Amino acid sequence: MLKLRVMTLNLGGGVKNFTGSPEQSTGKAQALAQLINEINPDFLGVQEIAQYIDADGSLHSMVERLKLDANFDYCFYGETLSMKKHMQIKKDLMINGLFNDWWDWSKGNAVFSHTPFGRLGNPVKDGVPRNVPIFLPLSYEGTRDTDPRYVILTRLKQDPYPFVMNLHLTTLVGERGDHVWSEVVDAARLTRSQQISRILGLVEEHVLIQDHPLILMGDFNAEIDEYSLKDMLERDQQFVHLAPVENIPTHTNTGAVDHIFFFPARRLISFETHIINSDLAHSISDHLPVVSDIVIE
């Protein structure tokens, strides 16, 4: 039996870009560390975390800062977008980075853990998480429509050696807000369904069919009644949605779009999930953390 506290948080609208003053950046980082230390998760998955290399070649990494400030033993950063690979003049942050003499800037997903990472095939040995693409556009155009999307896949080096996946799925311009286009909503839902299908295909043979425990977390950009979650994950594959006690949005404008799932149901002894709706959490990001205490057989 394994007890874990797992947490997911999208840092969008928060500390992801290093674009504020040094005082603002430091203040946000300190608040984030304080929040995580208060929650004290065993495993943390974040989306839209960033780093850059300055003109002198020094790395300024929110990943490394968070690892130290929140006292995690292990971390892994999975890049999704960078100046070197995706330089785009429509992206103000990249232009500003250019004139600030940054050698590179990137954002992506990251995982942090107090438990060592094991190998995917042999988890009793030390391993390294893998960053797997689930959507690669033909070209990056500086908008969310063409953001590359990845999932981090890892496995914990602790019996029963659960797999963990941290993801951030697509949302499209015109899907939400004051000017919503129905055809864009349909296209976005179809895109997320395709990405969920690729994730399931990635783990079907080596995880799902083998009945290994799997924790799937992140910003799905979808509420739980969307087809990609309610049907593809819950109905067809029997994933358990670790539903929060609080029935509130996790994102200011889009609803409850940050989730944690578990597979298989028979190996889930118990869970209790909460959305952290504190002033501190609101000060850090436009997303709220989702935290689940789970007991795995």
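Given the options Asp286, Asp186, Asp69, which has the most mean-square fluctuation in a GNM of the chain, springs set between C-alpha atoms less than 10 angstrom apart? Looking only at Asp286, Asp186, Asp69, the biggest GNM fluctuation is shown by Asp186. Highest mean packing comes first when the peptides 289-297, 238-246, 174-182 are listed by Cβ atoms within 10 Å, giving 289-297, 238-246, 174-182. Of Leu229, Leu136, the sequence from fewest to most neighbouring Cβ atoms within 10 angstrom is Leu136, Leu229.
Shape class of the range 1-152 from the Cα gyration tensor (axes a ≥ b ≥ c, square roots of the eigenvalues): oblate, since a/c reaches 1.5 or more and a/b does not exceed b/c.
Could you tell me how far the Cα centroid of the range 189-228 sits from the Cα centroid of the range 268-297, in Å? Here the answer is 20 Å between Cα centres. If the segment from Ser58 to Asn253 were pulled out straight at 0.36 nm per residue, it would be longer than the present Cα-Cα gap by 66.6 nm. Pairs of lysine residues in the range 2-296 that meet both criteria, 8 or more places apart or on different chains and Cα atoms under 27 Å apart, total 27.
Here, each number is a calculation from the coordinates, and none is a lab measurement. This one's a predicted model, so the numbers in the text were calculated from it and none came from an experiment. Glycine also receives a Cβ, built like all others from the backbone with ideal geometry; neighbour counts cover every protein chain displayed.
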